[in-house]
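Trainee: Below is a structure I'd like to ask you about.
The values are calculated or read from the model by the stated rules, or taken from the named source; none is laboratory data. These numbers were taken from a predicted model, which means no experiment stands behind them. Glycine gets a Cβ as well: all are built from the backbone with ideal geometry, and neighbour counts include every protein chain shown.
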Amino acid sequence: MSRLGILLSGRGSNFEAIADSIEAGRLDAEIAIVISNSPRAKGLERARQRGLRAVCIPSKAMEREAYDRLVVAELREAEVELVCLAGFMRLLSAYFVEEFPQRILNIHPSLLPSFPGLEAQAQALEHGTKYTGCTVHFVDERLDAGPILIQKAVPVLDSDNEESLAARILEQEHVAYTEAIRLVLSGAYRIDGRRVVRTR
Ligand code: GAR
């Protein structure tokens, strides 16, 4: 069974959706470790409640690569094969990315390449797009930029505020992440330039 490593910084609802998919048999994998850069992350507590190994490695005042070396060491010790960033609010160093080539996924609350970075839902509202959504993509050392695995579109309603839009997107995030992990674990794709193309 494939061993997943989850990295998170906050609430952890995407982590929980992945854990639920595993429990429900929708995903043939196990969560080997959950790592947070923030001691206050709710997701850590949730992971412990589920009986999972949950580790905090505080990133405060640490240089990027030195920090990433600590995280990679934990992931290696836990024998992680696929790293899933689930609301992990840090850029990864080239060192980290090269340690797990095409084995790091991220979820972002917009249809990339629109609205990368912080507050993607507010950016969509401000721009006035009629649709936004979420993206699961491979991670490289650029921000929200690697090849795209799965996207789900979500309408922006006239009545939306940041909260209501974020909630509608989040529902789709929870579905999209499981689909993307399943695709990667199946191996049924190739990467053609920037395109992830299904092979069966
Ligand atoms: C999610 O909306 C995720 O897409 C976003 O943070 C939230 C984490 O929620 N990630 C980013 O913006 C990354 N650039 P969660 O902790 O409940 O999974």
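Trainee: Got a number for residues in the range 116-139 being surrounded by fewer than 23 Cβ atoms within 10 Å (Cβ to Cβ), free of Cβ contacts under 8 Å to residues at least 40 places away in the same chain and hydrophobic (A, V, I, L, M, F, W, C)?
Mentor: 1
Trainee: Of the residues that sit in the range 115-149 and are in a helix (DSSP H, G or I) and near the ligand (Cβ under 10 Å from one of its atoms), which one is nearest to the chain's Cα centre (by Cα)?
Mentor: A120
Trainee: While we're looking at this one, here's another question. Residues A78, A145: which one is at pLDDT below 95 and of a type outside the set (D, E)?
Mentor: A145
Trainee: Considering every residue within the range 88-98, establish whether at least one is in a strand (DSSP E or B) and surrounded by 17 or more Cβ atoms within 10 Å (Cβ to Cβ).
Mentor: No.
Trainee: Tell me which of these L105 doesn't satisfy, since it passes every other one: (1) under 13 Å from the mean Cα position of the chain (by Cα); (2) away from the ligand (no atom under 16 Å from the Cβ).
Mentor: (2)
Trainee: Tell me which residues, restricted to the range 12-24, are assigned to a loop (DSSP other than H, G, I, E, B) and within 12 Å of the ligand (Cβ to nearest atom).
Mentor: Within the range 12-24, G12 is the sole residue that qualifies.
Trainee: A follow-up question, please. Checking S9 against (1) of a type outside the set (K, R); (2) within 15 Å of the ligand (Cβ to nearest atom); (3) within 20 Å of R182 (Cβ to Cβ); (4) surrounded by 17 or more Cβ atoms within 10 Å (Cβ to Cβ), only one condition comes out false. Which one?
Mentor: Only one criterion in (1) of a type outside the set (K, R); (2) within 15 Å of the ligand (Cβ to nearest atom); (3) within 20 Å of R182 (Cβ to Cβ); (4) surrounded by 17 or more Cβ atoms within 10 Å (Cβ to Cβ) is unmet by S9, namely (3).
Trainee: Just to check your reading of the model, which residue among L27, L4, L52 is touching a residue at least 40 places away in the same chain (Cβ under 8 Å), away from the ligand (no atom under 14 Å from the Cβ) and assigned to a loop (DSSP other than H, G, I, E, B)?
Mentor: Answer to the selection: L27.
Trainee: If you don't mind, there's one more thing I want to ask. Across the range 150-189, what is the total count of residues that are closer than 27 Å to L82 by Cα, free of Cβ contacts under 8 Å to residues at least 60 places away in the same chain and more than 14 Å from the ligand (Cβ to nearest atom)?
Mentor: The qualifying residues number 7.
Trainee: Going by the conditions given, is A54 farther than 12 Å from I6 by Cα, of a type in the set (A, V, I, L, M, F, W, C) and modelled with pLDDT of 95 or more?
Mentor: Here the answer is no, as A54 does not meet what is asked.
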